[in-house]
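What follows is a set of notes on a single structure, which appears directly below.
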Amino acid sequence: MQIYISLLINGLSLGCIYGLIALGFVLIYKATEVVNFAQGDLMMVGAFIAFGLIGVLGLNYWLGFLLTIAVMIVFGFFLDIVVIRRLIGQPQFSIVMATIGIGYVLRFVMPYAYNVEQIAFLTPFTGKAMQVASVTLDVGKLAAMGGTLVLCAALYFFFQRTRVGVAMQAASQNQLAAYYMGIPVAMIFSLIWGISTGVAGITGVMMMPIANVMDPSIGFIAIKAFAGAVVGGFGSIPGALVGGIIIGMVEQFSDYLL
């Protein structure tokens, strides 16, 4: 029973990471009908930025976390303006190839920017565990699950209760109608890229207590997250999280049972 509880916690925590990456896929696809294959690499960039702020500059973890989110949102915003927006009107394949190219560039640049191949930094959850009955639970994995719930609740509130969130939903459903209603569609799309990139940055920081050590290739886990987005229904935000959790659970239990 202890083994199965451990597998359950591992599957849920890993599934939450997959779900957050899948959420980034879905946010951009719902708004622009573009599949951003650089989403996993953006997660890796978030982890590297946090490493620079927390591990190199020595900032407080929570301050570094917040600054990482801010930097990633700005990066995603300008990524759309500088690269993606210039490809509007081109075949979808061109945009897909552009996102793949962005991912390769990020995997090449980040290690040279820090002159390291692997990164690690301490978090308030690193190496900590709590005892529940006879089961030892990893605090970092519990934090990943809790953080995922908080982030999903915040995104739900943003999209349902704020003017900008409602405008984003309108633009994703009918761009032309949203434009005629006075919604700045191009700006909204850039904001969606910023939010999606910010979610990727949060995911990168949240994954550190689970992975302990990260390198540029960590972004390849987006392949599993993409599968989660497909399982949950590629246009569904709640489905992305559920699909990611399903993939994480199947991965953990199949590794043990097989």
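The values are calculated or read from the model by the stated rules, or taken from the named source; none is laboratory data. Note that the coordinates shown come from a computational prediction; the quantities given were computed from them, not determined experimentally. Glycine also receives a Cβ, built like all others from the backbone with ideal geometry; neighbour counts cover every protein chain displayed. Only protein heavy atoms, including side chains, enter the accessible area calculation; ligands, DNA and RNA are left aside. Shrake-Rupley method; radii C 1.70, N 1.55, O 1.52, S 1.80 Å.
Here are some notes:
- Those helices (runs of 4 or more DSSP H) lying entirely in the stretch 148-258 with at least 2 residues aromatic (Phe, Trp, Tyr) and open to solvent by less than 60 Å² (accessible area, probe 1.4 Å): 185-211
- Count - residues of the stretch 108-160 that are at pLDDT 85 or above and of a type in the set (D, E, K, R): 2
- Condition met for Ala22 (open to solvent by less than 80 Å² (accessible area, probe 1.4 Å), out of contact with any Asp or Glu (no Cβ under 9 Å at 6 or more places or on another chain), part of a helix (DSSP H, G or I) and at pLDDT below 90): no
- When Ile95, Ile84, Ile73, Ile54 are checked against the criterion of being surrounded by 14 or more Cβ atoms within 10 Å (Cβ to Cβ), within 17 Å of the chain's Cα centre (by Cα) and aliphatic (A, V, I, L, M), Ile73 stands alone in meeting it.
- Count of residues meeting criterion [open to solvent by less than 90 Å² (accessible area, probe 1.4 Å), aliphatic (A, V, I, L, M) and either over 20 Å from Ile218 (Cβ atoms) or in a strand (DSSP E or B) (or both)] in the stretch 107-133: 4
Every residue, every condition in (1) surrounded by fewer than 23 Cβ atoms within 10 Å (Cβ to Cβ); (2) within 14 Å of Gly248 (Cα to Cα); (3) at pLDDT below 90; (4) not acidic (Asp, Glu), yes or no:
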| site | (1), (2), (3), (4) |
| --- | --- |
| Asn10 | yes, yes, yes, yes |
| Tyr18 | no, yes, no, yes |
| Phe37 | yes, no, no, yes |
| Leu42 | no, no, no, yes |
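- Checked against the criterion of being in contact (Cβ under 8 Å) with a residue 24 or more places away in the chain, out of contact with any strand residue (DSSP E or B) (no Cβ under 9 Å at 6 or more places or on another chain) and closer than 30 Å to Thr123 by Cα, the candidates Leu149, Leu155 yield just one match: Leu155.
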